[in-house]
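Here the structure comes first, spelled out in structure tokens, and everything after it is commentary.
A short reminder: the numbers here are calculations on the coordinates, not readings from a lab. Remember, it's a predicted structure, so these values are computed and weren't measured experimentally.
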Amino acid sequence: MADALVSIGRALTLLGSRLHDVHADHAESLDSDEPEAAVSDAAVPRGGLGPRQLAVLALGGLNTPTGLSAGDVVTATGYKRPNVYPLLERLTELGYLEPVPDEQPARWRKPQPADE
């Protein structure tokens, strides 16, 4: 039963990442002349990142203010726990994620706009 659920989770993650790519391509073609398109491209990288990094960036929970913990990413992707933390740290170094302050266990999210 657990193996079936893990397989379903992986399939849904892959589907979500592909749908996200399709949506991003469509949105890019509609908004290519707007200044926000550059911000959108930075949030959804195209080159230089591997499929695992792109799959993690496609997780919807990273768009929320509370973000996701490494355990949440393990559950959503099925990746091995020892590989997830370095992956999240690398995405943070590259500027695609930021740590959520004052959270235990550590959590990550996509950079939040500075509205203040």
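Counting 0.36 nm for each residue step from Lys80 to Asn63 and taking away their Cα separation leaves a gain of 3.9 nm. For Arg107, nonlocal amide neighbours, meaning residues 5 or more places apart or on other chains whose placed amide H falls under 5 Å from its own, are Val100. In order along region 67-74, phi translates into HN-Hα couplings of x, 10, 8, 4, x, 4, 5, 4 Hz, rounded to whole numbers, per the Karplus curve 6.51 cos²θ - 1.76 cosθ + 1.60 with θ = phi - 60° and x for Gly and Pro.
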